[in-house]
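*Asks:* One structure coming up, written as structure tokens, with questions to follow.
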Amino acid sequence: MLAYCDLHIHSCLSPCANDDMTPWNIVGMAKVKGLDVIALTDHNAADNLPQAMLAGQAYGVSILPGMELTSREDVHLLAYFPDLAAAMDFGKRVYEHLPAIANDRKLFGNQLIIGDGDATTGQVEKLLFTATDWSADELAALVLAQGGVCVPAHINRGGNGMLSALGWMPPLPQFPVVEVYRAIPCAPDALRGRLVLHSSDAHRLEDIAERDFVLNLEAPTAQAVMAALRKQAVR
């Protein structure tokens, strides 16, 4: 069964995202665009996932709980979790491993926590757009121990892509799933034998993907996406 997916979206919790990227707005836009499964992947935090899950139930869009983690090498890694509880628990652990740098809202943007009614209930104080003190390998192992899957984000783009940050892709079986930015080339050797994801990395509502990336799954659900990613990981 085909499932149209966008597995890399930032809410207003991420300082680089627009303030109108609330969970309910995001899921509503995904519904309008005809997406089956989306992942909310804020920088080093999971605080807006509860409302995203509620919105998904209301709109009939399946939500994969996620985060975008930053390793101490400045590699960005997408972490996907089997359920909300696992993601929220990991978010608390990650926060303890971020440096004690306060967010400058005027410089970096707001880090809005959204509650019932899509209302702002607070802001995260530490700057989320910083690196944890864990390596990429350590983060991958920790996510796996939490029942999740770790996917290097936009490996071919910018200083936070694995190819730029590390200078190479670790050989298989490490990181059997990767995300690739479609707009620029990617070295074929970095992709050989790996499942490749394409997502929007949306920070604005209009940038959420159309029906242009599809996975062939048992069902168009977040659980089926997790099963497919895990299957690739144990090949």
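*Asks:* Please count how many residues of the range 83-137 are of a type in the set (Phe, Trp, Tyr), open to solvent by 40 Å² or more (accessible area, probe 1.4 Å), closer than 30 Å to Pro171 by Cα and outside any loop (DSSP other than H, G, I, E, B).
*Replies:* 1
*Asks:* Lys231 passes all but one of (1) in a helix (DSSP H, G or I); (2) open to solvent by 70 Å² or more (accessible area, probe 1.4 Å); (3) in contact (Cβ under 8 Å) with a residue 12 or more places away in the chain; (4) more than 24 Å from Glu73 (Cβ to Cβ); which number fails?
*Replies:* If we test Lys231 against (1) in a helix (DSSP H, G or I); (2) open to solvent by 70 Å² or more (accessible area, probe 1.4 Å); (3) in contact (Cβ under 8 Å) with a residue 12 or more places away in the chain; (4) more than 24 Å from Glu73 (Cβ to Cβ), just (3) comes out false.
*Asks:* So which of Ala141, Ala187, Ala145 is over 20 Å from the mean Cα position of the chain (by Cα) and either open to solvent by 30 Å² or more (accessible area, probe 1.4 Å) or more than 22 Å from Met53 (Cβ to Cβ) (or both)?
*Replies:* Working: Ala141 fails: over 20 Å from the mean Cα position of the chain (by Cα); Ala145 fails: over 20 Å from the mean Cα position of the chain (by Cα).
Answer to the check: Ala187.
*Asks:* Report, by residue number, each residue of the range 32-66 that is small (Gly, Ala, Ser) and either closer than 19 Å to Leu197 by Cα or in a loop (DSSP other than H, G, I, E, B) (or both).
*Replies:* Gly34, Ala39, Ala45, Ala46, Gly60, Ser62, Gly66
*Asks:* Could you tell me how many of the residues in the range 1-26 are of a type in the set (A, V, I, L, M, F, W, C) and part of a loop (DSSP other than H, G, I, E, B)?
*Replies:* Qualifying residue count for the region: 6.
*Asks:* Further question on the same structure: Can you name the number of the only condition in (1) of a type in the set (A, V, I, L, M, F, W, C); (2) open to solvent by 50 Å² or more (accessible area, probe 1.4 Å); (3) touching a residue at least 24 places away in the same chain (Cβ under 8 Å) that Leu215 fails?
*Replies:* Failed condition: (2).
*Asks:* Still on this structure, I have one more. Considering each residue of the range 187-210, count those that are within 24 Å of Gly148 (Cβ to Cβ) and either free of Cβ contacts under 8 Å to residues at least 12 places away in the same chain or assigned to a loop (DSSP other than H, G, I, E, B) (or both), and give that number.
*Replies:* 9
*Asks:* Another one. Suppose the filter is more than 16 Å from Tyr4 (Cβ to Cβ) and surrounded by 18 or more Cβ atoms within 10 Å (Cβ to Cβ); does Leu172 pass it?
*Replies:* Against the criterion (more than 16 Å from Tyr4 (Cβ to Cβ) and surrounded by 18 or more Cβ atoms within 10 Å (Cβ to Cβ)), Leu172 does not qualify.
*Asks:* Right, something else. Quick one: what pairs do we get from the range 169-184, first residue farther than 13 Å from Ala233 by Cα, second of a type in the set (Ser, Thr, Tyr) and surrounded by 15 or more Cβ atoms within 10 Å (Cβ to Cβ), C-beta under 7 Å, 6+ apart or different chains?
*Replies:* Glu179/Ser199
*Asks:* Leu49: closer than 30 Å to Leu163 by Cβ, hydrophobic (A, V, I, L, M, F, W, C), crowded, with 24+ Cβ neighbours inside 10 Å and in contact with a Cys (Cβ under 9 Å, 6 or more places away or on another chain), yes or no?
*Replies:* When the stated conditions are applied, Leu49 does not pass them.
The values are calculated or read from the model by the stated rules, or taken from the named source; none is laboratory data. As the structure is a prediction and not an experimental result, all values here were calculated from the model. Note: ideal-geometry Cβ built from the backbone for every residue, glycine included; neighbour counts use all protein chains shown. In case anyone asks, the SASA skips ligands and DNA or RNA and just uses the protein heavy atoms, side chains included. Shrake-Rupley method; radii C 1.70, N 1.55, O 1.52, S 1.80 Å.
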